[in-house]
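Here's the structure we're looking at; comments come further down.
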Amino acid sequence: MTATDIHRSIDAVWRIESAKLIATLARMVRDVGLAEELAQDALVAALERWPETGVPDQPGAWLMATAKHRAIDRLRRSKLLQRKHEELARELEAEQESADDAHLDKLDDPIGDDLLRLVFTACHPVLSTPAQVALTLRLLGGLSTDEIARAFLVPEPTIAQRIVRAKRTLADKQVPYEVPRGEELAQRLSSVLAVIYLIFNEGYAATAGDDWMRPGLCEDALRLGRILAGLVPNEPEVHGLVALMEIQASRSAARVNGNGEPVLLLEQNRARWDQLLIHRGLAALERAEKLGSVRNPTRGPYTLQAAIAACHARALTAEETDWASIVGLYGALAQQVPSPVVELNRAVALSMLFGPAAGLAVVDGLTGDPLLKDYHLLPSVRGDLLRKLGRFGEAREEFERAAGMTRNAREQALLRQRAAECLAEG
C-alpha cells in the first residue's frame, strides 16, 4: 500500500471513528475541547506511524488506545491534579492495562450513550445556530475547518473562530455533558433535528456559490440522522427527518444535467432517482408513522414533509403525482408550523391541482409578508404561475427580480434563462 493509499485510509477511518472517539473521551475528561485535542493527537500519531507499520486491523481501537494514553499523560502533567483528576487517571490506567486493542470497543460500551451526549452538547442552546452547525460538523461529521468553510462559502478563519468560541462557551457555561430528560429532551431534540436538516438543505440547494448542490453535506447530514435514529429509536420525528432526507437525496443525480445546471422536480428523469434511498426513506416514514400513532396521532412536521416527498417518490411520472394528498399534507403542516414558506409551497400544489390561477391567488396574498421580503422563491414561483397564465411580461419581471435576489450562480442563470424565454414568448 502506497503512502497516498494509507493517507486516504486514515482519512476514511477518521470520518468513521472520530465522533465515537471524541464522545468517549469527552465522557472521561468532561471537556469537549480537550477531548477533541486528544483525538487529534491520536490522528497525528496515526499519520506518523501507519505509513511505516501499515493500517492496523482495528484502526478505531488503535486510535482509542492512543488517545487514552495521551489523556493519562495529560492528566499526569497537569498542575491541577486534584483528587478527581487522580481518580480519572487511575480509572483510565486500570482500563488500559486490562484491555487489549481487540476488545476496546466492548469496554467502551455503551458508545451510543456517549455519542448521544456529544450530539446534545454540540447543539446546546447556549450556542448560536451557526456555531451549533460548525461544531456538529466538526465533532460528529469529522470535517476539517477548511472543509466546513468551503461547504458554507465562509472564510476559514470565521469557521475556526466559531468552533473555538463554541468550545469556550461550553466550558465557561459549564454545560453538563449529558442527555437531557423529560420535557427538556423534546425541546433539545427539536434543536438537534433542526441543525441536521439545516446542514442537509445547504447541501441540497446551496444558498450561494457556483454549484447547485453540495452532495457531501447531504451525505454528512444523512449519516448524522441515521446515527441519531439508532440512538433514539423510539422518537418518531427522528425517523421522519431521516425519511425526508433519504427521499430528497434520492433525486440528487437527476437534479442537475451534464453541465451541472439545475433540473426542476417536474422535469427530472425519474429513472435516475435512487430506488435504494427511496426504499429506505419509505421504510423510515412507515416507522415514524407507526411510532407516532402510538404516542401522538398528529404527525410531526418532519414526518409530514417526508409524506409529501413520498407522494413524489411513489409517482412514476410527474403527471401521476397525488396533488390532492400533497395539498392536504401542506395544510396539516401549516397548522403545526404556520409559515409563509409552507403556504408558498401549498400554493404550488394548489396550482397543480386546480390550475395556476388558484395558486396565484394564494401567492399574491404573500407578497407583502415581511418574512418573504428577501426570499427569492416567492418571485420565482409567482413568475412561473404568471407564465402559465400567459402574462409573459409580468412573469419576466418576476424571474429577473428572483435572479437578483439569489446568490447561487446556477440558480441565477436558470432564472435569467426563464426570463429570456418569457421575452421570446411574449
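Laboratory data are not the source of any read-out in this text; all were calculated from the coordinates shown. Predicted, not measured: the structure shown is a model, and the values here were computed from it. Please note: Cβ atoms are built from the backbone with ideal geometry, for glycine as well, and neighbour counts cover all protein chains shown.
Tabulated values for the structure
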| quantity | calculated |
| --- | --- |
| Segment 8-54: translational diffusion in µm²/s, Stokes-Einstein, Kirkwood Rh over Cα pairs, 4 °C, 1.567 mPa s | 118 |
| Chain lengthening between Leu316 and Gln187 when straightened (0.36 nm per residue, less Cα-Cα) | 42.6 nm |
| Most mobile of Asp210, Asp41, Asp57 in a GNM of the chain (Cα contacts under 10 Å) | Asp57 |
| Neighbour-count order for Val192, Val342, fewest beta carbons within 10 angstrom listed first | Val342, Val192 |
| Stretchable slack from Asp73 to Ala253, in nm (0.36 nm times residue separation minus alpha-carbon distance) | 59.9 nm |
| Lysine pairs within the chain, Cα separation less than 24 Å, 8 or more sequence positions apart or different chains | 14 |
| Euclidean distance of C-alpha centroids, segment 337-393 and segment 232-272, integer Å | 22 |
| For peptides 400-410, 43-53, 243-253, sequence by mean Cβ density within 10 Å, most packed first | 243-253, 400-410, 43-53 |
| DSSP-loop trypsin sites (Lys or Arg not before Pro) across segment 166-217, with at most 16 other Cβ within 10 angstrom | Lys173, Arg181 |
| Set of segment 309-336 residues, backbone N closer than 12 Å to the point 7 Å along the Cα-Cβ line of Ala358 | 323-328 |
| Mean-position separation - Cα centroids, segment 143-192 and segment 299-320, in angstrom | 32 |
| Prolate/oblate/rounded call for segment 130-284, Cα gyration tensor, a/c under 1.5 rounded | oblate |
| Overall form of the chain per C-alpha gyration tensor (a/c, 1.5; a/b vs b/c) | prolate |
| Anisotropy class of segment 288-377 from Cα gyration tensor, a/c 1.5 cut | oblate |
